[in-house]
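S.K.: Structure in structure tokens, see below.
Computed from the coordinates by the stated procedures, all read-outs in this text should not be read as laboratory data. Since the structure is predicted, the reported quantities are computational estimates derived from the model, not experimental observations. Quick reminder, even Gly has a Cβ in these numbers, built from the backbone with ideal geometry, and neighbours come from all protein chains shown.
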Amino acid sequence: DAKTTQPNSMESNEEEPVHLPCNHSTISGTDYIHWYRQLPSQGPEYVIHGLTSNVNNRMASLAIAEDRKSSTLILHRATLRDAAVYYCILRDPYNFGNEKLTFGTGTRLTIIP
Amino acid sequence: DAGVTQSPTHLIKTRGQQVTLRCSPKSGHDTVSWYQQALGQGPQFIFQYYEEEERQRGNFPDRFSGHQFPNYSSELNVNALLLGDSALYLCASSPPPGVEGTLEEKLFFGSGTQLSVL
């Protein structure tokens, strides 16, 4: 499984943008980049995913480097409810029969009021 | 629409006992995966069930077994419990490929069962 590297923790002030980095230098051509987050006392929840182009949804934006060896999850205006552990995961949808998510330890995001 | 539901939410067992955890997938989902999350760690994949068969398995011993029923709900069984089995057990479901217009179907997780082995 392709590996991702994330900082262990980050802090951000409330109502400011947050940029969460992820390195994935061994990414393959068919790996999608997924982000999940885990709020306290809950299971992980899907945030966003992409392949090559930058992606936006109601929760966040995903900026993918041109060489695809790194990506950044962007929360445009952090709120206290965004305090969570954020996981960057690579997943190959064409690897049928190998559909598991391989989680690392993620980045623990703390929001300062 | 109920999401993924797991029961019980908390469970306390002693070493050597057996435990069964239950999961009901989100409506329309046919695939169920189980994950174990130790304190301070990311979830680790145990196995996945599809069409009532174990389709993929992670690096867990045979003490961990599962089952999927015709209504797609699933059970995780752990025999001969060890202290190290204490963890949050998460169930995740996903729809058939293409349901959401893409092969990349996202997983929906339940809130988990917190198992403590004493």
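S.K.: Before anything else, pin down the relative contact order of chain B: Cα pairs under 8 Å, at least 6 apart, normalised by residue count, whole percent. The partial results should precede the final answer.
M.R.: Numbers: 303 pairs, mean separation 41.8, N = 118.
Contact order relative to length: 35 percent.
S.K.: Considering every residue in B:80-91, what mean count of other chain Cβ atoms within 10 Å of its Cβ is obtained? Walk me through the numbers on the way to the answer.
M.R.: Numbers: counts 0, 0, 0, 0, 0, 0, 0, 0, 3, 0, 4, 1.
Other-chain Cβ atoms within 10 Å of each residue's Cβ, averaged: 1.
S.K.: For the stretch B:1-88, which GluC sites (Glu not before Pro) pass both filters: DSSP loop (anything but H, G, I, E, B) and at most 14 other C-beta atoms within 10 Å? Display every interim value, and only then the final one.
M.R.: Values: sites: B:E51, B:E52, B:E53, B:E54, B:E75; in loops: B:E51, B:E52.
For GluC sites (Glu not before Pro) across the stretch B:1-88 that sit outside H, G, I, E and B with at most 14 neighbouring Cβ atoms in 10 Å, the list reads B:E51, B:E52.
S.K.: Still on this model: Where in the stretch B:1-43 are there trypsin sites (Lys or Arg not before Pro) that are in a DSSP coil and have at most 12 other Cβ atoms within 10 angstrom of their Cβ?
M.R.: Values: sites: B:K13, B:R15, B:R22, B:K26; in loops: B:R15, B:K26.
Listed in order of number, the matching sites are B:R15.
S.K.: Give the relative contact order (percent, whole number) for chain A; include only Cα pairs under 8 Å separated by 6+ residues.
M.R.: Normalised by residue count, the contact order of chain A is 36 percent.
S.K.: Can you run phi through the Karplus equation (6.51, -1.76, 1.60; θ = phi - 60°) for the stretch A:30-35 and list ³J(HN,Hα) in whole Hz, with x for Gly and Pro?
M.R.: Result, ordered by residue: 9, 6, 8, 9, 10, 10 Hz.
S.K.: Would you please name the chymotrypsin sites (Phe, Trp or Tyr not before Pro) within the stretch A:67-106 that are DSSP coil residues with at most 15 other C-beta atoms within 10 Å of their C-beta?
M.R.: Numbers: sites: A:Y86, A:Y87, A:Y94, A:F96, A:F103; in loops: A:Y94, A:F96, A:F103.
Sparse-neighbourhood loop chymotrypsin sites (Phe, Trp or Tyr not before Pro): A:Y94, A:F96.
S.K.: Still on this structure: Would you mind getting the Kirkwood hydrodynamic radius of the stretch A:1-67 from its Cα pairs, rounded to one decimal in Å?
M.R.: Working: mean 1/r = 0.0735 Å⁻¹.
Computed over Cα pairs of the stretch A:1-67, the Kirkwood hydrodynamic radius comes out at 13.6 Å.
S.K.: About its Cα centre, what dipole magnitude does chain B give when the only charges are +1 on Lys and Arg Cβ and -1 on Asp and Glu Cβ, stated in debye to the nearest 20? If you can, show how the numbers build up before the last one.
M.R.: Working: 8 positive and 12 negative charges, 112 e Å.
It works out to roughly 540 debye.
S.K.: In peptide B:41-48, how many Cβ atoms from other protein chains are near each Cβ within 10 Å, on average? Before the final figure, lay out each step's value.
M.R.: Values: counts 4, 12, 10, 4, 6, 1, 1, 4.
Partner-chain Cβ atoms within 10 Å, mean over residues of B:41-48: 5.
S.K.: Note down the relative contact order for the stretch B:39-87 as a percent, whole number, built from C-alpha pairs under 8 angstrom at least six residues apart.
M.R.: Working: 56 pairs, mean separation 13.3, N = 49.
It comes to 27 percent, rounded to a whole number.
S.K.: Taking the DSSP beta bridges in chain A as the whole, what percent of them are antiparallel, to the nearest 5? Please list the in-between numbers first.
M.R.: Working: 28 of 33 bridges.
DSSP beta bridges in chain A are roughly 85 percent antiparallel.
S.K.: Taking the Cα centre of chain A as origin and charging only Cβ (+1 Lys, Arg; -1 Asp, Glu), how large is the dipole, in debye to the nearest 20? It would help to have the intermediate numbers written out before the result.
M.R.: Values: 10 positive and 12 negative charges, 30 e Å.
It works out to roughly 140 debye.
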